[in-house]
Amino acid sequence: MYPNDTIKAISEFLFKETTISTCDLAIVFGNEYVDTMIHVKQLFDEGRIKQAILTGGSANNDREPEAIRFYRKGLELGIPPDKMVIESCATNTKENLEYSKRIIVTELGGFEKYLSIMFIAKAFVCRRIEMTARALNYPENSNYQYYPIVDHDGLNIGKHTWWYTQPAQD
């Protein structure tokens, strides 16, 4: 599957994956791939998530915030508006998690209400999310799951293909 041991080691470390089960809350990290919301809709339909925070602003303030675009796509797909909370100021992973943590504590009843949290993000960002959440003191007793998104239009990279991309080859 992997062309050599180095690529295997990088892949196993960088691409965080977990078994997906039912979670109290999903934190959905914005990106340019708005079809991420198709996965979110499926998770709602399967009863695997009950509430979602959509987090993501616009890094250069030159576009509509990612969370707003995700929210609109969620509505289009039939996700009830009361199941999605918008956080549209974050411009990086640390801010995504800081601002989402603030929402959990101040608007959603605290972490004691959400003992299982699913992080939905680009596949290669999941390890960064885990490390950043730990640095920001997300509760250790919570069950965290990672739902890696890999699109099929070349906008994202996955565990089993990243070394084929031009940036990886350079």
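If the chain between T22 and D62 were fully stretched, how many nm would it gain, using 0.36 nm times the residue separation less the Cα-Cα distance? Write out the running numbers ahead of the final one.
Numbers: separation 40, 0.36 × 40 = 14.40 nm, distance 3.64 nm.
Difference between extended and current length: 10.8 nm.
Say the cut-off is 25 Å between C-alpha atoms; which of K8/K101; K8/K50; K50/K101 go over it? Can you show the working numbers first?
Numbers: K8/K101 33 Å; K8/K50 35 Å; K50/K101 17 Å.
Long pairs (Cα-Cα over 25 Å): K8/K101; K8/K50.
Show the residues, 5+ positions off or on another chain, whose built amide H is closer than 5 Å to the amide H of F119.
When sequence neighbours closer than 5 places are left aside, the close amide H contacts are I27, Q145, Y146, Y147.
Quote to one decimal, in nm, the extra length available between T91 and D35 on full extension: 0.36 nm per residue of separation minus the C-alpha distance between them. Don't skip to the end; give the middle numbers.
Values: separation 56, 0.36 × 56 = 20.16 nm, distance 1.95 nm.
Result: 18.2 nm gained on full extension.
Just so you know, all these numbers are worked out from the coordinates, no wet-lab data involved. Quantities reported herein were computed from a predicted structural model and do not represent experimental measurements.
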